[in-house]
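Reviewing the structure listed below.
The values are calculated or read from the model by the stated rules, or taken from the named source; none is laboratory data. A quick note: this is a predicted structure, and the numbers were derived from the prediction, not measured. With ideal geometry, Cβ positions are generated from the backbone for all residues, glycine too; neighbour counts draw on all protein chains shown. Accessible surface areas use protein heavy atoms only, side chains included; no ligands, DNA or RNA. Shrake-Rupley method; radii C 1.70, N 1.55, O 1.52, S 1.80 Å.
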Amino acid sequence: MTHYDRAELDSLKKSIDLAIYAQHIGVDLHAIGSKYRGNCPIPGHSDKTPSFYVNPSDYFYHCFGCGCSGDIYELNKLVYGDSFSQSVERVKSYLGGNLSVEGLRSAPVAPLRQLGGKDRKILEHVVSHLHELFKSNSEAQEYLHSRRISDQVFDQFEIGFGNGYLNRRFPRSSKPLQKMGLVTEKGTDCFYRHITVPIRDNTESITQLYGRGVDSKRHRYLGLPHRSIFNPTALSSSEIVLCESVLDALTIHPFIPEVAAVYGANGLKPSFASQIANAGVKRVVFAYDADDAGHKGAMAGAKLLYSHGVESYRMKLLNGFDVNDIAVRAFSPGDEFSELYRDAQRIK
Ligand SMILES: [Zn+2]
C-alpha cells in the first residue's frame, strides 16, 4: 500500500470545502445555519427526507438516517466503494492533480453561499471586466489556442482572465466579492491567472463562474451551488452532446453547437437530469473522459436519464483521453468530432 503522510492528508482535506465537494458528487445541499443538509448519497440508503449533514468548518459529514459519518476520505469509500488509497487519489484528482502541499495551504476556499440580487449585479460587472482583460491579454488567448479552443467561442461565452486586481477594480464591493469566493479575506484574487467562463441558466442569469488555472490546471468555482448545466441553450435541441468539463464543451462547440457540460464525471446530478428531460431532450451523447471515472460517470448518468425516458450514447474517445486532448492531437478536430459523434454507441 502507498504510504501517505498524515500531515499531507490533513492539509489536502482542509483545502477542500466539504459542502462544495458533496455538491460536486451530486448531493443537493441547502444551508441550515453554518451547516448544510441534503439527501444522503450513500448507496443502500435511499434517503427521502434529507438527513445528510455537512459541516465544512470541521471537514465532517454525518447522516442521521444511516448513521454514517466521517471526513472526505470516508465519504469516497462509502459512495464509490474506494479503498483508502483510491479515495486519496480521487481527492487529489479533484484538486487538479499535482498540487504541492504548500500550494494547497495557500489555496483559498470559499464557503457555499446563496446569491442575492445585488451580488448578481456585481458578478455581471466582474464577468464583463474579466472578459475585457482576456481580450487584451495575448498570453491567455494563446493558452486557449494551444488547447485548440477556437476564437469563435471567446466572445460568445464571455471568456475572461484574472489579472489579480479585482479588489482594486471594485474597491467598494470587497465584502460581496469575498462572500462569493472571488477574493480572499486578504484581498487576493481567487481567479488570478485563471481562464474564466460564466455559467448562465436558461434565463441568462449567472449562476456560477468556472475557472481553469493556466499554470496549475486546477478547476475552480465560486462558493455557490451548481444551479445550471453549462450552455442550457443546447437543451432546445432533441439531441445533445454532454461533456464533463466546461473546457471540453467549448472545444466541441464550434463543430457541434448542441453541447452542454456538467461539472466533473459525477456532475450529472438528479436536478440536471430533470433539467435535460424537461427541456425535451430525447438523446444524450456522453463525451466524458475515456478513463475509469468517465466510464462510471457516463453509466450512472445514463441510468438516471433512462428513468426520465432519455436515451444515452457514448462517444468512444482514445483510451485515457478527454475531448480537449483529442482536439489538441487531431489534424482536423471538426472531422474527428463528427466521426466520433456518428460512431457513438448506445448505452443500454
Ligand atoms: Zn445516510
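So the values come out like this:
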| read-out | value |
| --- | --- |
| Qualifying residue in segment 37-46 (condition: farther than 22 Å from A273 by Cα and not assigned by TED's automatic domain parsing to the domain that holds G297) | no |
| Selection from segment 4-51 of residues that are more than 21 Å from the chain's Cα centre (by Cα), open to solvent by 60 Å² or more (accessible area, probe 1.4 Å) and within 16 Å of the ligand (Cβ to nearest atom) | K35, P43, G44, S46, K48, T49 |
| Some residue of segment 9-29 being more than 30 Å from L115 (Cα to Cα) and not in a loop (DSSP other than H, G, I, E, B) | yes |
| Test for K186: is it under 20 Å from D17 (Cα atoms) and without any contact (Cβ under 8 Å) to a residue 24 or more places away in the chain | yes |
| All strands (runs of 3 or more DSSP E) inside segment 275-348 with 2 or more residues being under 24 Å from Y80 (Cβ atoms) | 283-286, 311-314 |
| Residues within segment 280-289 that are of a type in the set (A, V, I, L, M, F, W, C) and either surrounded by fewer than 16 Cβ atoms within 10 Å (Cβ to Cβ) or at pLDDT below 95 (or both), tallied | 0 |
| Residues that are among the β-branched types (V, I, T) and under 25 Å from Y143 (Cβ atoms), drawn from segment 174-206 | V183, T184, T188, I195, T196, V197, I199, I206 |
| Hits in segment 261-274 (condition: closer than 13 Å to S245 by Cβ and either without any contact (Cβ under 8 Å) to a residue 40 or more places away in the chain or part of a helix (DSSP H, G or I) (or both)) | A261, V262, A265 |
| Top-ranked residue in segment 303-329 [being open to solvent by less than 10 Å² (accessible area, probe 1.4 Å) and without any contact (Cβ under 8 Å) to a residue 60 or more places away in the chain; ranked as farthest from the chain's Cα centre (by Cα)] | V310 |
| Filter result for the condition that a residue is open to solvent by less than 30 Å² (accessible area, probe 1.4 Å), at pLDDT 95 or above and under 22 Å from the mean Cα position of the chain (by Cα), over L130, L112 | L130 |
| Which numbered condition P50 fails, given (1) modelled with pLDDT of 90 or more; (2) not in a loop (DSSP other than H, G, I, E, B) | (2) |
